[in-house]
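Worksheet: the structure to be examined is printed underneath.
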Amino acid sequence: MDKKTSISSAQIVAPAFLSRSYVNNPHPCYQPPKADMKPPRIIDAMRKSARENPPSKHPLWRTAPRFHAITHGLLWTERAMNLHRRRAVDAIMECLAAHVNLVTSKVFMTLGQISDACGLTTYNRHGQPCYSRASRAINEHIEAIGAVHCERVWDETSGSYIPNIIWVTELFFVLIGYEYGKYLAAQQQQLAWENHKRRETGEGPISLTEARRRAKTQHIKRAFEMRTQKQAHRKQVRRALKLAALDKQEAQNAILKDLVKLYSKDELVAMEHVQLKRLVEQRYHVMRKLATAPPPS
């Protein structure tokens, strides 16, 4: 075989492999969702510390034990961080510092919101978001080392987990280079101020444990409400698509049947024909618009 034609497969594959982008955003960074809002000074100081002291370069990543995010079993194999994973971890840590609650230590952001704020979200050809890059950085590194604790709550109704409840730990402040004692002092000061406001409204003071319990309860309640709204929206979309497949007269007749079920006989009698027809027309155009609208983010 001629030497010029005997080219190894590795030589052919290498240029093609190098031409592909390993990640969608090689330089992720945290961008506040509301840039015009000024956070409390301590939150601003924590975020600044996380930005100026890259957490991924802390020596604890090489010495601290790691635990599985689900089973909490000790991980004996070392999980190294490449350049892209380190950048993702640094952006996420700054984001967590910017959105942690001073009293409860709960991060008021979901995984999807964290991924969007840090520029880590990707989308498939159908426009559906993927948060795997942020999820792996949190589960395999930040949570594994113990900087955060992600509490997972199972929803029996839908048969799935609600968005994780993220709590920061003392190790989190070590990694971002912020003095934990300053945070504890601010925590007690903020709790005392909130208890003072409660006394003014006739309520009794609460402890840190009770504040965390209330934060968890509110998180679960909000997650269930959002999930219910999404399920109701999907049901409406399915109904709108069925109506869109019919001609206008058939669709309006179907809407009229739905309205008859919603109102009593007395209400239908009191409702004039013109008003009922106008209501059918309004619903028809709303459902047509819903059927052609893009899916919500």
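Bear in mind that the values in this text are calculations on the coordinates, not laboratory data. In this text the structure is predicted, and so the values were computed from the model without any measurement. Ideal geometry is used to build each Cβ from the backbone, glycine not excepted, and the neighbour counts take in all protein chains shown.
Some points to look at:
- Among the residues of the stretch 155-168, some residue qualifies, meaning at least one is within 16 Å of the chain's Cα centre (by Cα), of a type in the set (F, W, Y) and surrounded by 13 or more Cβ atoms within 10 Å (Cβ to Cβ).
- With respect to the conditions (1) over 24 Å from the mean Cα position of the chain (by Cα); (2) surrounded by fewer than 17 Cβ atoms within 10 Å (Cβ to Cβ), I70 lacks only one, and its number is (1).
- Which numbered condition G177 fails, given (1) of a type in the set (G, A, S); (2) under 26 Å from the mean Cα position of the chain (by Cα); (3) farther than 22 Å from T110 by Cβ; (4) exposed (fewer than 13 other Cβ atoms within 10 Å of the Cβ): (4)
- Residue within the stretch 259-275 that is in contact (Cβ under 8 Å) with a residue 24 or more places away in the chain, at negative phi and of a type in the set (K, R) present: no
- Test: residue in the stretch 263-284 that is under 17 Å from A232 (Cα atoms) and either out of contact with any helix residue (DSSP H, G or I) (no Cβ under 7 Å at 6 or more places or on another chain) or part of a loop (DSSP other than H, G, I, E, B) (or both): no
- Top-ranked residue of the stretch 245-297 - restricted to ones that are exposed (fewer than 12 other Cβ atoms within 10 Å of the Cβ) and small (G, A, S), ranked as nearest to Q231 (Cα to Cα): S297
- Output for the stretch 185-236, where each listed residue is loosely packed, with under 15 Cβ neighbours inside 10 Å, hydrophobic (A, V, I, L, M, F, W, C) and within 30 Å of T292 (Cβ to Cβ): M226, A232
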